[in-house]
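Novice: Starting off with a structure, shown below.
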Amino acid sequence: MDQIDKQVLEVIHNLNWLLEAHDSHVELIKIKGKQVLIRSVGHCTECETDCIGVAFKERMPDIILVRKK
């Protein structure tokens, strides 16, 4: 597992800890280079505050986050 994989998994772990209170979670689908494909499930999927996107942008500003519904 390389550094980007570890960072992505850490962000997802921290997000899921917070999103659990909202009956939501994030799943990693695939990492390809700097592109990270995730799926979000639950109430937070359509949230206007975009905590998921913000968390990734703050911790990993160089990645391209792609969401699958």
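Novice: Taking the stretch 23-47 as the search range and keeping residues that are out of contact with any Leu (no Cβ under 9 Å at 6 or more places or on another chain) and loosely packed, with under 13 Cβ neighbours inside 10 Å, which one is farthest from MET1 (Cα to Cα)?
Specialist: Among residues in the stretch 23-47 that are out of contact with any Leu (no Cβ under 9 Å at 6 or more places or on another chain) and loosely packed, with under 13 Cβ neighbours inside 10 Å, the one farthest from MET1 (Cα to Cα) is GLU46.
Novice: For the stretch 26-44: of the residues being modelled with pLDDT under 95 and touching a strand residue (DSSP E or B) at 6+ places or on another chain (Cβ under 9 Å), which is nearest to LYS57 (Cα to Cα)?
Specialist: Among those residues, the one meeting the criterion is LYS34.
Novice: List the residue pairs whose Cβ atoms are under 9 Å apart, where the first residue sits in the stretch 1-27 and is more than 18 Å from THR45 (Cα to Cα), the second is surrounded by 13 or more Cβ atoms within 10 Å (Cβ to Cβ) and of a type in the set (Lys, Arg), and the two are 6 or more positions apart or on different chains.
Specialist: As it stands, the answer is GLN7/ARG59; GLU10/ARG59, since those pairs meet every condition given.
Novice: While we're on this one: Restricting attention to the stretch 48-69, which residues are surrounded by 11 or more Cβ atoms within 10 Å (Cβ to Cβ), in a loop (DSSP other than H, G, I, E, B) and in contact with a helix residue (DSSP H, G or I) (Cβ under 8 Å, 6 or more places away or on another chain)?
Specialist: If the condition is that a residue be surrounded by 11 or more Cβ atoms within 10 Å (Cβ to Cβ), in a loop (DSSP other than H, G, I, E, B) and in contact with a helix residue (DSSP H, G or I) (Cβ under 8 Å, 6 or more places away or on another chain), then MET60, ILE63 are the ones that fit.
Novice: Still on this structure, I have one more. Out of the stretch 10-47, which residues are in a loop (DSSP other than H, G, I, E, B) and of a type in the set (Lys, Arg)?
Specialist: LYS34
The values are calculated or read from the model by the stated rules, or taken from the named source; none is laboratory data. Source: prediction; values computed, not measured. As a convention, Cβ positions derive from the backbone with ideal geometry for all residues, glycine included, and neighbour counts pool all protein chains shown.
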